[in-house]
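Below is one structure; the comments refer to it alone.
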Amino acid sequence: MTKTYTVGNYLSERLGQIGLKHHFAVAGDFNLVLLDQLLEEGSTKQIYSCNELNCGYTAEGYARANGAAAMVITFNVGALSAINAIGSAYAESQPVIFISGGPNTNDQGAGHILHHTIGTTDYGYQAEMVRHVTCATEILRSAENAPAQIDNAIRTALRLRKPAYIEVPCNLAAAPCTRPGPVSGLLAETTPDKVSLDAAIKAACTFIETRKNVAILVGSRVRTLGSLEPVVALAERIGCAVTVMAGAKSFFPENHPSFRGVYWGEVSTNGAQDVIEKADGVICLAPIFNDYATVGWQSQPDAKNMLLADLNEVTVDGQSFTGFHLGAFIAALSEKAPRRTASVESTKLLPEVIPGSAPEAPLTNDEMARQINGLLDSKTTLTAETGDSWFNAIRMTLPGGARVETEMQWGSIGWSVPASLGTAYAEPDRQHVLMVGDGSFQLTAQEVAQMVRYEIPVIIFLINNRGYVIEIKIHDGPYNYIKNWDYAGLIKAFNAEDGHGLGLHARTGAELADAISKAKANKKGPTLIECSIATEDCTDTLVRWGKKVAAANGRPPHVS
Ligand code: DPX
Ligand code: MG
């Protein structure tokens, strides 16, 4: 007798069809049958997380490297913990398929009080909460409608590059279901509106033609294009200078002759501030101009000089155009744009030099950053946590092919440990390096145990500066100082009887160099290098930026 094909099998097959090789999960009694169905169908490997927040961040990191991700958690106690990570996926434009087990359909509206819930009897509230951080929210109601609902959630997530929610009642996961057809209907981009696209290209070409000094500014949502090639093609067509925003570090090859650094107002690198602020035409590709990116609302290209190409809208010279995606706009503009080379010809990429110190001297922030920079190669993904790690990553010089992942819109500390694990699952052939501060690490530290369990060789630089230094620089108080841990010593606990993680200390440059060579040799698990530096030792860009952001935060209320 052939086995019944189920709702859970359908979901599983679809996840495989959209290119996932893994899904991330924490078990709970509302999702156990669903987890069985996913295992049984087997298109994607089931990977476990220590908790649902970490599970969400792992999925978010995986989506960055793989284009999409899926996670499966249990009702309420699991899902509510995961919402922070789903907020991250929304803010950072990552299509994470957020799958929650749900109550038995017979309990919906029956007045039954269920465990793991807030003790009321309307079970729609989880989906209501999640609705704000997802682009599609589907509670499966019957096996008959399940395929359409699953497909709608996945299709919407992939098109909009946002997370989508699917709630699978525990008694539907193994219910008989039809099989999926071809996946092309879920993957196909909407056809661009040609009239609107042509008009946008005409306006963009006029914009470029009528400006003397044109430059490109690459924003973080360019990541959703899945490749740097379209932006490189556009830059080469126009022949102009290219700068990236801080959240888009690595989204243009730094060894390209047109590259002119990171534009971040007064804390820009490589002379990028001059390039952007002297340009009379800035082509902004999917930027996010938030308070952090604009250095407390101080630095942003002048609106009259800006061509703003967002994911689904282009605004230029007072007109806006919709009906096509950024990818279509860049591709079309790359065939028509006029040449404007002044910004390349009149500027140079100013080198960023990170000063070192003597090998036996106490380790400094500069020496640490210098050595980490030396470790990066064309197959490295560097994940940098919120904190001074941002500023250290931003000032590094990247070889072509190296990638940096930051979470500058959401900025939730603890993100980077599970997220780097996610990128490592997705791309095992790359070298995965993580920079994380002591304060951030304390939120999600236990996920290093999964790196041990699955033998994932992430090289973790744990920066022990005894506190929330970025906060100390923005607004100091007793709340910025944390309990010290033996971070390197944790690895022994996580290894338990069978792990291959390595925990090392670096208190001098020489110790760090030695630790890095041991880390490179350890392929059977993570290596955590605890870098001890002084609390007051941080990048000067952090201090300058922190003061401006603090001033913006401290503006008094308007009196009307
Ligand atoms: C907080 C931040 O140690 O890095 O380089 O020492 O600053 P630095 P650490 O990891 O400390 C991080 C700390 C407390 N931000 O300085 S950035 C507030 C915050 C946040 N996310 C969440 N809670 C609080 N960003 C979840
Ligand atoms: Mg710290």
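Name every residue in segment 430-442 that is away from ligand 2 (no atom under 16 Å from the Cβ) and assigned to a helix (DSSP H, G or I), in order of residue number.
Just the residues of segment 430-442 that are away from ligand 2 (no atom under 16 Å from the Cβ), to begin with: 430-433.
Hits for segment 430-442: nothing passes.
Suppose we filter Gly281, Gly239 for residues that are touching a Phe, Trp or Tyr at 6+ places or on another chain (Cβ under 8 Å) and more than 24 Å from Leu542 (Cα to Cα); which single one remains?
On the way: Gly239 fails: touching a Phe, Trp or Tyr at 6+ places or on another chain (Cβ under 8 Å).
The conditions single out Gly281.
Name the residue that is surrounded by the most Cβ atoms within 10 Å (Cβ to Cβ), counting only residues in segment 15-51 that are among the charged types (D, E, K, R) and closer than 19 Å to Cys170 by Cα.
If we filter segment 15-51 for residues that are among the charged types (D, E, K, R), which is where we start, we get 21, 29, 36, 40-41, 45.
Then keep just the ones that are closer than 19 Å to Cys170 by Cα; that gives 29, 36, 40-41.
Details: Asp29: 12, Asp36: 14, Glu40: 13, Glu41: 19.
Going through the qualifying residues, I end up with Glu41.
Within segment 538-560, track down each residue that is over 27 Å from the mean Cα position of the chain (by Cα) and either surrounded by 11 or more Cβ atoms within 10 Å (Cβ to Cβ) or within 11 Å of ligand 1 (Cβ to nearest atom) (or both). Can you show your working first?
Kept after step one, since they are over 27 Å from the mean Cα position of the chain (by Cα), are these residues of segment 538-560: 551, 554-560.
Once the filter is applied, which keeps residues that are over 27 Å from the mean Cα position of the chain (by Cα) and either surrounded by 11 or more Cβ atoms within 10 Å (Cβ to Cβ) or within 11 Å of ligand 1 (Cβ to nearest atom) (or both), segment 538-560 yields only Ala551.
Could you identify the single residue in Phe259, Phe321 that is under 26 Å from Thr406 (Cα atoms), outside the structural domain of Arg403 (by TED's automatic domain parsing) and not acidic (Asp, Glu)? Give the derivation first.
On the way: Phe321 fails: under 26 Å from Thr406 (Cα atoms).
The unique qualifying residue is Phe259.
Just to confirm my filter: which helices (runs of 4 or more DSSP H) fall fully inside segment 125-212 and include at least 2 residues that are at pLDDT 95 or above? Walk me through how you get there before you give the answer.
Numbers: elements: 125-131, 146-160, 184-187, 194-209.
Where helices (runs of 4 or more DSSP H) fall fully within segment 125-212 and carry at least 2 residues being at pLDDT 95 or above, they are 125-131, 146-160, 194-209.
Would you confirm whether or not segment 87-96 contains a residue that is assigned by TED's automatic domain parsing to the domain that holds Lys21, touching a Pro at 6+ places or on another chain (Cβ under 9 Å) and closer than 19 Å to Thr6 by Cα?
Checked against the condition, which is being assigned by TED's automatic domain parsing to the domain that holds Lys21, touching a Pro at 6+ places or on another chain (Cβ under 9 Å) and closer than 19 Å to Thr6 by Cα, segment 87-96 yields no hits at all.
Checking Thr58 against (1) open to solvent by 10 Å² or more (accessible area, probe 1.4 Å); (2) within 23 Å of Leu443 (Cα to Cα); (3) hydroxyl-bearing (Ser, Thr, Tyr); (4) in contact with a Leu (Cβ under 7 Å, 6 or more places away or on another chain), only one condition comes out false. Which one?
So Thr58 meets the others, but not (1).
What are the residues in segment 514-535 that are over 17 Å from Ser357 (Cα atoms), loosely packed, with under 15 Cβ neighbours inside 10 Å and touching a residue at least 40 places away in the same chain (Cβ under 8 Å), if any?
Of everything in segment 514-535, those that are over 17 Å from Ser357 (Cα atoms), loosely packed, with under 15 Cβ neighbours inside 10 Å and touching a residue at least 40 places away in the same chain (Cβ under 8 Å) turn out to be Lys520, Lys523, Lys524, Thr535.
Restricting the search to segment 461-481, which residues are part of a loop (DSSP other than H, G, I, E, B) and more than 7 Å from ligand 1 (Cβ to nearest atom)? Steps first, please.
At the first step, the residues of segment 461-481 found to be part of a loop (DSSP other than H, G, I, E, B) are 465-468, 475-477, 481.
Hits for segment 461-481 are Arg466, His475, Asp476, Gly477, Tyr481.
Tell me which residues, restricted to segment 435-460, are among the acidic types (Asp, Glu) and within 13 Å of ligand 1 (Cβ to nearest atom). Walk me through it before giving the result.
Keep residues of segment 435-460 that are among the acidic types (Asp, Glu), which gives 438, 447, 455.
If the condition is that a residue be among the acidic types (Asp, Glu) and within 13 Å of ligand 1 (Cβ to nearest atom), then Asp438 is the only one that fits.
Restricting to segment 487-513, give me the number of residues that are within 16 Å of ligand 1 (Cβ to nearest atom) and open to solvent by 30 Å² or more (accessible area, probe 1.4 Å).
Final tally of qualifying residues: 1.
Of all residues in segment 443-482 being within 30 Å of Asp377 (Cβ to Cβ) and within 13 Å of ligand 2 (Cβ to nearest atom), which is surrounded by the fewest Cβ atoms within 10 Å (Cβ to Cβ)? So that I can check it myself, show each step before the final result.
If we filter segment 443-482 for residues that are within 30 Å of Asp377 (Cβ to Cβ), which is where we start, we get 443-465, 469-470.
In the following step, the residues that additionally are within 13 Å of ligand 2 (Cβ to nearest atom) were identified as 443, 461-465, 469-470.
Numbers: Leu443: 20, Phe461: 28, Leu462: 27, Ile463: 30, Asn464: 23, Asn465: 22, Val469: 28, Ile470: 27.
Out of the qualifying residues, it is Leu443.
Might you let me know whether segment 216-233 holds any residue that is open to solvent by less than 10 Å² (accessible area, probe 1.4 Å), over 25 Å from Leu38 (Cβ atoms) and among the polar types (S, T, N, Q)?
The initial filter retains those residues of segment 216-233 that are open to solvent by less than 10 Å² (accessible area, probe 1.4 Å), namely 216-219, 222, 231.
Narrowing further to those that are over 25 Å from Leu38 (Cβ atoms): 216-219, 222, 231.
Within this subset, residues satisfying the condition of being among the polar types (S, T, N, Q) are none.
No.
The values are calculated or read from the model by the stated rules, or taken from the named source; none is laboratory data. All figures in this text were calculated on a predicted structure; none of them were measured in a lab. Note that we place each Cβ from the backbone using ideal geometry, even for glycine, and neighbour counts take in every protein chain shown. All accessible areas refer to the heavy atoms of the entire protein, side chains included, with ligands and DNA or RNA removed. Shrake-Rupley method; radii C 1.70, N 1.55, O 1.52, S 1.80 Å.
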